[in-house]
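What follows is a set of notes on a single structure, which appears directly below.
The values are calculated or read from the model by the stated rules, or taken from the named source; none is laboratory data. Here the structure is a predicted model, which means the values were calculated and not measured. Virtual Cβ from ideal backbone geometry, glycine too; neighbours counted across all protein chains shown.
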Amino acid sequence: MERELIMTVEEIKIRQLTNQYLVIPADKLTVVRDLCGIQSQFMVNAMHSLKIRCDDFDEALAADGLVKNWSLRGTVHVFVQEDLPLFVRCNNGINYLNDHFDVHTFWNQRDCWALTPERQRELSNVIIAAIEHKSHTRDELKEICRIHGMTGAEEGSMFDPWGGGIRELCERGFMNYVVQEKKA
């Protein structure tokens, strides 16, 4: 006769805590990978989450190898940089690194959207070139785009507070946010 194995509630709790790296910490990249990213709407909470789970946490080096981007459930998470393509939401990969903005999206179907696909591509290329060697804040990127003739209406679309064209660049894998409290 076979004996039925049943886990107790306490055993289940211990397993859950262990799988969350709250019993035995691990290195930062393993933790972030195994948790499929760290939710980071509030960066201080993401850093705390890493601090309590990682055996190699160093505040000064916390961002090394990590990026912040929109992804799961439309929220911002911290990921291991090389794993980002697994999590970026872009129509099953169709729009990943695609700079053709004539595809209908949530953003460009809004009544207040002021960018033509060509203009969005042009301003996107300006932004991508600007961040190639240096991170910039949104305000710095706005100024760079203004130098390239961006109008107020175009700015409202590209830099919408909820994402806009900047978010599309993130979701398509062209750029990421820096893993830090200050937004850049």
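Restrict the check to segment 86-95 and report whether at least one residue is in contact with a strand residue (DSSP E or B) (Cβ under 6 Å, 6 or more places away or on another chain), modelled with pLDDT under 95, at negative phi and surrounded by 12 or more Cβ atoms within 10 Å (Cβ to Cβ).
From segment 86-95, those in contact with a strand residue (DSSP E or B) (Cβ under 6 Å, 6 or more places away or on another chain) are 87; that's our starting set.
The next check asks that each one be modelled with pLDDT under 95; those that pass are 87.
Keeping just the survivors that are at negative phi gives 87.
After this cut, where a residue has to be surrounded by 12 or more Cβ atoms within 10 Å (Cβ to Cβ) as well, the list is 87.
Checked segment 86-95: at least one residue is in contact with a strand residue (DSSP E or B) (Cβ under 6 Å, 6 or more places away or on another chain), modelled with pLDDT under 95, at negative phi and surrounded by 12 or more Cβ atoms within 10 Å (Cβ to Cβ).
Among the residues of segment 147-156, what is the count of those that are surrounded by 13 or more Cβ atoms within 10 Å (Cβ to Cβ) and in a helix (DSSP H, G or I)?
3
Looking at Val76, Val103, can you tell me which residue is within 30 Å of Arg119 (Cα to Cα) and touching a Ser or Thr at 6+ places or on another chain (Cβ under 6 Å)? Lay out the reasoning, then the answer.
Working: Val103 fails: touching a Ser or Thr at 6+ places or on another chain (Cβ under 6 Å).
Result: Val76 is the single residue among Val76, Val103 that is within 30 Å of Arg119 (Cα to Cα) and touching a Ser or Thr at 6+ places or on another chain (Cβ under 6 Å).
Among residues belonging to segment 139-172 that are touching a strand residue (DSSP E or B) at 6+ places or on another chain (Cβ under 9 Å) and closer than 17 Å to Arg121 by Cβ, point out the one that is modelled with the lowest pLDDT. Give the derivation first.
Of the residues in segment 139-172, the ones touching a strand residue (DSSP E or B) at 6+ places or on another chain (Cβ under 9 Å) are 163, 167, 170-171.
Right, trim to closer than 17 Å to Arg121 by Cβ and you get 167, 170-171.
Details: Arg167: 89, Cys170: 88, Glu171: 84.
Among those that are touching a strand residue (DSSP E or B) at 6+ places or on another chain (Cβ under 9 Å) and closer than 17 Å to Arg121 by Cβ, it is Glu171.
Test Cys112 against the criterion of being assigned to a loop (DSSP other than H, G, I, E, B) and hydrophobic (A, V, I, L, M, F, W, C), and give yes or no.
Values: assigned to a loop (DSSP other than H, G, I, E, B): yes; hydrophobic (A, V, I, L, M, F, W, C): yes.
So Cys112 fits the description; yes.
Give the residue, chosen from Ile144, Ile127, that is over 22 Å from Pro85 (Cβ atoms), touching a helix residue (DSSP H, G or I) at 6+ places or on another chain (Cβ under 7 Å) and assigned to a helix (DSSP H, G or I). Spell out how you get there, then give the answer.
Numbers: Ile127 fails: over 22 Å from Pro85 (Cβ atoms).
Only one candidate passes the filter, namely Ile144.
Among the residues of segment 157-172, write down those that are farther than 16 Å from Val88 by Cβ, part of a helix (DSSP H, G or I) and out of contact with any Phe, Trp or Tyr (no Cβ under 9 Å at 6 or more places or on another chain).
Met158 - this is the single residue of segment 157-172 that is farther than 16 Å from Val88 by Cβ, part of a helix (DSSP H, G or I) and out of contact with any Phe, Trp or Tyr (no Cβ under 9 Å at 6 or more places or on another chain).
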